[in-house]
Amino acid sequence: MDKPKVVLGVSGGIAAYKACELLRRLTESGHEVRVVPTASALHFVGAATWSALSGNPVSTEVWDDVHEVPHVRIGQHADLVVVAPATADMLAKAAHGLADDLLTNTLLTARCPVVFAPAMHTEMWEHPATQENVATLRRRGAIVIEPAVGRLTGVDTGKGRLPEPSEIFEVCRRVLARGVPEPDLAGRHVVVSAGGTREPLDPVRFLGNRSSGKQGYALARTAAARGARVTLLAANTGLPDPAGVDVVPVGTAVQLREAVLKAAADADAVVMAAAVADFRPRDYATGKIKKKDGQDPEPVVLVRNPDILAEISAERARPGQVVVGFAAETDDVLANGRAKLERKGCDLLVVNEVGERKTFGSEENEAVVLGADGSETPVPYGPKEFLAETVWDLVAARLS
Ligand code: CTP
């Protein structure tokens, strides 16, 4: 099988160096990549780097290799064009159909999906000119990833950071596998909790669990791809922020509850993928608990944590809000799942069987999604994204 052909357009911003990592991920996962930098991008990363990492020639102008008509061929033959970083200038050129170098020519000749990963200062991103250009590009079917919030060049922080290369790669992989997603969650606000809560015993110790957060992140990523505004409540995950998602870090179950109640107030759907500790130590030692020679340790007394899923299911913040829970079971998976669905009062419950290679920390998952309406949707063993897509299919059906 031919390798998928990807054009990596690089425009002139300091984040150009991060595109090297995106390029490496694309080539290592079996894509044929042609890098098309703008002339100003070469001020940041030189042609030799792009050429060595891609294994292909690199040109910026339509005048190179004229006999091969590169300004037409590169775009025509591509399966995907991704521009990372996309500067304000590049978005403006693309929106207005300018074609004064090889990359802008390529954008006009491409008939494949096009992904822009913008990076610029907050003021430039928020300027009505840029926002209108982004809206134009989106209306025409391009995917423009929302920039991340965080450290910008120099001392500035704000919205405008290039999303993590690993996350831009995930967007590209999804588009190549499934095409440009239907924006069936556009205009919706969804809240996803991910990871595992940690309940502190003292300043250095906690009770925790093995949840990696990967399933919750896959849910957040896929909802953003389907057009939703996504709030991701991340409990101790250490994963890179998914592109275009608002990430709120939380620690304990009590903190997660507060964050869920706040975010759920205007949410169309809440998906509780986080592993929430059912119990927390009753007492917190402000100083480190020390061992004492010849003495047994003090027993740890536990108290119940609030059940967030049951609470938000019983008191919906909005009429019609869809609430989804997760359950990991080892025995009588379906019967236990049904009973839990009823007990919690949610609309959907994703039931995982805990076993080797499944669930904790792995890239794959297998589950059955139980509906309060009696429905049962099996999701075969596969990437966590597949399960995430099924969950959003079921949520979207209930919202419409
Ligand atoms: N959950 C929650 N608040 C808690 C505990 C769990 O919101 N205090 C949510 C989780 O996010 C998940 C679902 O409830 O969506 C899991 O339910 P839970 O009863 O914790 O599952 P198990 O731990 O598997 O339950 P049990 O011990 O009853 O098997």
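Anything in the stretch 201-219 that is of a type in the set (A, V, I, L, M) and either closer than 18 Å to Pro165 by Cα or in a helix (DSSP H, G or I) (or both)? List them, or say none.
Ala218, Leu219
Using the structure shown, decide if Glu258 is over 22 Å from Arg188 (Cβ atoms), more than 11 Å from the ligand (Cβ to nearest atom) and at pLDDT 95 or above.
yes
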Go through (1) touching a strand residue (DSSP E or B) at 6+ places or on another chain (Cβ under 7 Å); (2) open to solvent by 30 Å² or more (accessible area, probe 1.4 Å) and name the single condition Val250 misses.
-> (2)
Apart from one, (1) in contact with a helix residue (DSSP H, G or I) (Cβ under 9 Å, 6 or more places away or on another chain); (2) over 23 Å from Thr122 (Cα atoms) all hold for Thr231; the odd one out is (2)
Just one listed residue, out of Leu91, Leu107, Leu98, Leu80, is without any contact (Cβ under 8 Å) to a residue 60 or more places away in the chain, among the aliphatic types (A, V, I, L, M) and under 27 Å from Ala177 (Cβ atoms), and it is Leu91
Which of (1) open to solvent by 20 Å² or more (accessible area, probe 1.4 Å); (2) modelled with pLDDT of 95 or more is the odd one out, the single condition Glu61 does not satisfy?
-> (2)
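Ala339 - would you say it is touching a residue at least 12 places away in the same chain (Cβ under 8 Å) and either within 7 Å of the ligand (Cβ to nearest atom) or surrounded by 12 or more Cβ atoms within 10 Å (Cβ to Cβ) (or both)? Can you show your working first?
Working: touching a residue at least 12 places away in the same chain (Cβ under 8 Å): no; either within 7 Å of the ligand (Cβ to nearest atom) or surrounded by 12 or more Cβ atoms within 10 Å (Cβ to Cβ) (or both): yes.
Criteria not met by Ala339.
For Glu126, indicate whether it is farther than 28 Å from His31 by Cα and of a type in the set (D, E, K, R). Show your work before the answer.
Numbers: farther than 28 Å from His31 by Cα: yes; of a type in the set (D, E, K, R): yes.
So Glu126 fits the description; yes.
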Qualifying positions in the stretch 1-57 - assigned to a loop (DSSP other than H, G, I, E, B) and open to solvent by 40 Å² or more (accessible area, probe 1.4 Å) = Met1, Asp2, Lys3, Pro4, Ile14, Ser29, Ala39, Ser40, Phe44, Gly55, Pro57
Residue list for the stretch 302-336, restricted to those being touching a helix residue (DSSP H, G or I) at 6+ places or on another chain (Cβ under 6 Å), near the ligand (Cβ under 8 Å from one of its atoms) and among the small types (Gly, Ala, Ser) | Ala310, Gly325, Ala327
Of the listed residues (Ala267, Ala228, Ala274, Ala235), the one being surrounded by 19 or more Cβ atoms within 10 Å (Cβ to Cβ), at pLDDT 95 or above and either in the same structural domain as Ile145 (by TED's automatic domain parsing) or over 16 Å from the mean Cα position of the chain (by Cα) (or both) is Ala267
So Val368, is it under 22 Å from Thr252 (Cα atoms), over 22 Å from the mean Cα position of the chain (by Cα) and more than 13 Å from the ligand (Cβ to nearest atom) | no
Does any residue of the stretch 82-91 turn out to be in a loop (DSSP other than H, G, I, E, B), out of contact with any Pro (no Cβ under 9 Å at 6 or more places or on another chain), at pLDDT 95 or above and open to solvent by 50 Å² or more (accessible area, probe 1.4 Å)?
-> no
Per the list (1) modelled with pLDDT under 95; (2) crowded, with 16+ Cβ neighbours inside 10 Å, residue check on Gly141 breaks on (2)
In the stretch 285-301, residue farthest from the ligand (Cβ to nearest atom) [restricted to those that are open to solvent by 60 Å² or more (accessible area, probe 1.4 Å) and touching a residue at least 24 places away in the same chain (Cβ under 8 Å)] | Lys288
The one condition in (1) in contact with a strand residue (DSSP E or B) (Cβ under 8 Å, 6 or more places away or on another chain); (2) under 24 Å from Glu258 (Cβ atoms) that Lys288 fails to fulfil = (2)
Output yes when any residue across the stretch 232-244 is without any contact (Cβ under 8 Å) to a residue 24 or more places away in the chain, away from the ligand (no atom under 14 Å from the Cβ) and in contact with a Lys or Arg (Cβ under 6 Å, 6 or more places away or on another chain), and no when none is.
-> no
Out of Thr136, Thr130, which single residue is within 25 Å of His71 (Cβ to Cβ), of a type in the set (Ser, Thr, Tyr) and either in a strand (DSSP E or B) or open to solvent by less than 40 Å² (accessible area, probe 1.4 Å) (or both)?
-> Thr136
Across the stretch 106-127, what is the total count of residues that are outside any loop (DSSP other than H, G, I, E, B) and either out of contact with any strand residue (DSSP E or B) (no Cβ under 9 Å at 6 or more places or on another chain) or β-branched (Val, Ile, Thr) (or both)?
-> 6
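The values are calculated or read from the model by the stated rules, or taken from the named source; none is laboratory data. Quantities reported herein were computed from a predicted structural model and do not represent experimental measurements. Cβ atoms come from the backbone with ideal geometry, glycine included; neighbour counts cover every protein chain shown. Heads up: the accessible areas ignore ligands, DNA and RNA and are worked out on the full protein's heavy atoms, side chains in. Shrake-Rupley method; radii C 1.70, N 1.55, O 1.52, S 1.80 Å.
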